[in-house]
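Asker: First the structure, then my questions, so here it is.
The values are calculated or read from the model by the stated rules, or taken from the named source; none is laboratory data. All figures in this text were calculated on a predicted structure; none of them were measured in a lab. Don't worry about glycine lacking a Cβ; one is built from the backbone with ideal geometry, like all the others, and counts go over all protein chains shown. When the accessible area is computed, the model is the full protein with side chains, heavy atoms only, and any ligands, DNA or RNA have been set aside. Shrake-Rupley method; radii C 1.70, N 1.55, O 1.52, S 1.80 Å.
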Amino acid sequence: MSNNRAATTQQSFPMKGGDGPHSYVNNSHLQREATDACRTMIEEAIAQKLDVKCFSSNPFRLADLGCSVGPNTFISMQHIVEAVERKYLEQGLKSQIPEFQVFFNDHVANDFNTLFASLPTERRYFACGVPGSFHGRLFPESSIHFMFSSHAIHWLSKVPEELLDKNSPAWNRGRIHYTSAPDEVSHAYAAQFDHDMEIFLSARAKELVVGGIIVLTMAALPNGIPASRIPSGVMFDLLGASLMDMTKAGLINEAQVDSFNLPVYAPSQEQMTDLVKRNGCFTIERMELVYRASKLVAPITGKECGMHLRAGMEGMIAKHFGSGIIDELFDTFSKKSVEFSHQLESSTREGAQLFAALRRK
Ligand SMILES: C[S@@+](CC[C@H](N)C(=O)[O-])C[C@H]1O[C@@H](n2cnc3c(N)ncnc32)[C@H](O)[C@@H]1O
């Protein structure tokens with residue numbers, strides 16, 4: 001249980017709740033499009049790698065880690081339930097199709113009210129909420145058959161401490177991320193991600209049944225591309241520049257910017273492969289980069305970018321700088337993203353998400 005305690009007390013900055021114009025509910029179609037791009041791969045992982053014959057228990061339990069407030073999680077869970085049902089049918093196990101139980105996990109501060117108020121009425125599963133950090137244990141041992149997490153595990157459990165230490169070469173003065181920063185800063189972020197992923201994978205290894213599968217999607221860094229050229233990198237650089245403009249205008253002070261860093265990290269495929277191998281509890285059934293451009297999705301516009309970033313980051317920024325700066329900050333950001341729209345567009349072509357299907361040994 002000591003791990004459980006850690007899982008519920010970590011600092012968290014959930015997506016903007018409710019259903020207002022700046023909410024995640026209304027500003028999460030980019031994540032939805034990205035998950036849609038992996039739909040066939042999720043179906044294939046279930047059809048080819050999930051051995052339902054070896055699962056004796058009913059119900060079939062699945063979990064979405066970092067589900068936020070919907071609607072994306074509902075679409076994914078329905079899709080996974082249908083794929084598992086098809087698997088039972090294909091195996092000639094029609095009479096053994098189980099009931100389904102879905103665990104919706106996110107930080108305790110997530111807007112679970114909005115999530116549960118919008119649960120689809122036609123769903124084919126029983127729904128439960130599981131509050132707490134996935135950087136710790138969330139479920140009893142060997143209790144879950146399939147886990148899913150989309151665009152969530154790039155959130156670190158905390159900002160690496162050396163970024164705030166004026167005597168450290170990793171002190172991140174005048175920046176809010178590792179994009180366009182010295183190597184020491186990137187290394188500190190990478191080390192934090194390594195640490196978090198080991199905890200994440202070890203917890204999931206305990207919770208998944210043998211043969212159970214976890215599918216992960218997240219922003220990733222393709223080989224040979226600097227972090228400043230992927231979509232999140234361009235956005236974070238523009239957000240950092242917008243904050244620095246506000247310091248020049250005297251609206252915030254520089255020390256506030258120096259002490260603010262975004263706790264998010266996009267790994268390379270090699271880094272994720274190494275982490276899974278080092279953990280040793282999973283076989284990598286499939287891991288590859290999925291390019292947004294190859295799915296013929298329209299490039300991201302500056303306005304979309306501002307709205308999505310605000311839905312995800314407003315809470316964290318308001319906590320550090322005060323809520324009074326939010327409108328002005330995102331106005332400045334939107335203007336900058338129009339000015340730098342060519343960079344945003346090319347980042348959409350170069351950036352990719354990582355798809356991973358791991359099987360519990
Ligand atoms: C960008 S949203 C993605 C939501 C949804 N999976 C989707 O694809 O639209 C990331 C979510 O991960 C959650 N999250 C981040 N770190 C987490 C943690 N350690 N434990 C649980 N949830 C976490 C955030 O609170 C947020 O709701």
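Asker: Among the listed residues PHE260, PHE236, identify the single one that is in contact (Cβ under 8 Å) with a residue 40 or more places away in the chain, part of a loop (DSSP other than H, G, I, E, B) and within 18 Å of LEU156 (Cα to Cα). Give the steps one after another, and end with the answer.
Answerer: Values: PHE236 fails: part of a loop (DSSP other than H, G, I, E, B).
Matching residue, one of PHE260, PHE236: PHE260.
Asker: In the list GLU345, GLU339, which residue meets the criterion of being in contact with a Pro (Cβ under 6 Å, 6 or more places away or on another chain) and surrounded by fewer than 21 Cβ atoms within 10 Å (Cβ to Cβ)? Break it down into steps so the answer makes sense when it comes.
Answerer: On the way: GLU339 fails: in contact with a Pro (Cβ under 6 Å, 6 or more places away or on another chain).
The match here is GLU345.
Asker: Just the residues that are closer than 19 Å to ASP19 by Cα and either open to solvent by 30 Å² or more (accessible area, probe 1.4 Å) or touching a helix residue (DSSP H, G or I) at 6+ places or on another chain (Cβ under 8 Å) (or both), please, taken from region 301-317.
Answerer: LYS303, GLU304, CYS305, GLY306, MET307, HIS308, LEU309, ARG310, MET313, GLU314, GLY315
Asker: I need the full set of residues from region 72-93 which are among the hydrophobic types (A, V, I, L, M, F, W, C) and touching a Ser or Thr at 6+ places or on another chain (Cβ under 8 Å), in order please.
Answerer: Kept after step one, since they are among the hydrophobic types (A, V, I, L, M, F, W, C), are these residues of region 72-93: 74-75, 77, 80-81, 83-84, 89, 93.
PHE74, ILE75, listed by residue number.
Asker: Applying the selection to region 37-60, what residues are within 16 Å of the ligand (Cβ to nearest atom) and either more than 15 Å from the chain's Cα centre (by Cα) or more than 25 Å from GLU90 (Cα to Cα) (or both)? Spell out how you get there, then give the answer.
Answerer: Within region 37-60, the first condition is being within 16 Å of the ligand (Cβ to nearest atom), and the residues that meet it are 37-39, 41-42.
Those that are within 16 Å of the ligand (Cβ to nearest atom) and either more than 15 Å from the chain's Cα centre (by Cα) or more than 25 Å from GLU90 (Cα to Cα) (or both): ALA37, ARG39, MET41, ILE42.
Asker: Tally up the residues in region 87-116 that are farther than 11 Å from GLY129 by Cβ, open to solvent by 40 Å² or more (accessible area, probe 1.4 Å), touching a residue at least 12 places away in the same chain (Cβ under 8 Å) and in a loop (DSSP other than H, G, I, E, B), please.
Answerer: 5
Asker: Among the residues of region 61-86 satisfying the criterion of being part of a helix (DSSP H, G or I) and either within 12 Å of the ligand (Cβ to nearest atom) or modelled with pLDDT under 95 (or both), which is surrounded by the fewest Cβ atoms within 10 Å (Cβ to Cβ)? Spell out how you get there, then give the answer.
Answerer: Start the filter on region 61-86 by keeping residues that are part of a helix (DSSP H, G or I), which leaves 72-86.
If we keep only those that are either within 12 Å of the ligand (Cβ to nearest atom) or modelled with pLDDT under 95 (or both) too, we end up with 72-77.
Values: ASN72: 23, THR73: 23, PHE74: 19, ILE75: 15, SER76: 25, MET77: 26.
My answer is ILE75.
Asker: Looking at region 192-205, is at least one residue in contact with a Pro (Cβ under 9 Å, 6 or more places away or on another chain) and either among the basic types (Lys, Arg) or over 30 Å from PHE146 (Cβ atoms) (or both)?
Answerer: Looking through region 192-205, none of the residues is in contact with a Pro (Cβ under 9 Å, 6 or more places away or on another chain) and either among the basic types (Lys, Arg) or over 30 Å from PHE146 (Cβ atoms) (or both).
Asker: Among the residues of region 119-128, is there at least one that is out of contact with any Leu (no Cβ under 7 Å at 6 or more places or on another chain), within 16 Å of the ligand (Cβ to nearest atom) and without any contact (Cβ under 8 Å) to a residue 40 or more places away in the chain? Step through it out loud before you land on a result.
Answerer: Step one: list which residues in region 119-128 are out of contact with any Leu (no Cβ under 7 Å at 6 or more places or on another chain), which gives 119-126, 128.
Of the ones still in play, those that are also within 16 Å of the ligand (Cβ to nearest atom) are 119-120, 128.
If we keep only those that are without any contact (Cβ under 8 Å) to a residue 40 or more places away in the chain too, we end up with 128.
Yes, there is a match, as at least one residue in region 119-128 is out of contact with any Leu (no Cβ under 7 Å at 6 or more places or on another chain), within 16 Å of the ligand (Cβ to nearest atom) and without any contact (Cβ under 8 Å) to a residue 40 or more places away in the chain.
Asker: Please indicate, with yes or no, whether at least one residue in region 157-165 is away from the ligand (no atom under 15 Å from the Cβ) and assigned to a loop (DSSP other than H, G, I, E, B). Before the answer, list the steps.
Answerer: Residues of region 157-165 away from the ligand (no atom under 15 Å from the Cβ): 160-165.
Then keep just the ones that are assigned to a loop (DSSP other than H, G, I, E, B); that gives 160, 165.
Yes; the residues of region 157-165 include at least one that is away from the ligand (no atom under 15 Å from the Cβ) and assigned to a loop (DSSP other than H, G, I, E, B).
Asker: Another question, then. Condition (residue is in a strand (DSSP E or B), modelled with pLDDT under 90 and either hydroxyl-bearing (Ser, Thr, Tyr) or over 18 Å from ASN27 (Cα atoms) (or both)) applied to region 295-317: is it met by at least one residue? If you could, list the steps in order and put the result at the bottom.
Answerer: Initial filter on region 295-317 (in a strand (DSSP E or B)): none.
No, that holds for no residue.
Asker: Hey, any hits in region 148-155 for a residue that's crowded, with 20+ Cβ neighbours inside 10 Å, in a helix (DSSP H, G or I) and touching a residue at least 40 places away in the same chain (Cβ under 8 Å)?
Answerer: no
Asker: Take the residues of region 239-257 that are touching a Phe, Trp or Tyr at 6+ places or on another chain (Cβ under 7 Å) and not in a loop (DSSP other than H, G, I, E, B): which is most open to solvent (accessible area, probe 1.4 Å)? Talk me through it step by step, then tell me what you get.
Answerer: Taking region 239-257 and keeping what is touching a Phe, Trp or Tyr at 6+ places or on another chain (Cβ under 7 Å), we get 239, 242, 252, 256.
Filter once more, keeping what is not in a loop (DSSP other than H, G, I, E, B): 239, 242, 256.
On the way: LEU239: 0, SER242: 0, GLN256: 49 Å².
Selected residue: GLN256.
Asker: Residues of region 139-156 being aliphatic (A, V, I, L, M) and either over 15 Å from MET77 (Cα atoms) or within 7 Å of the ligand (Cβ to nearest atom) (or both), which ones? Lay out the reasoning, then the answer.
Answerer: Going through region 139-156, the residues aliphatic (A, V, I, L, M) turn out to be 144, 147, 152-153, 156.
Within region 139-156, ALA152, ILE153, LEU156 qualify.
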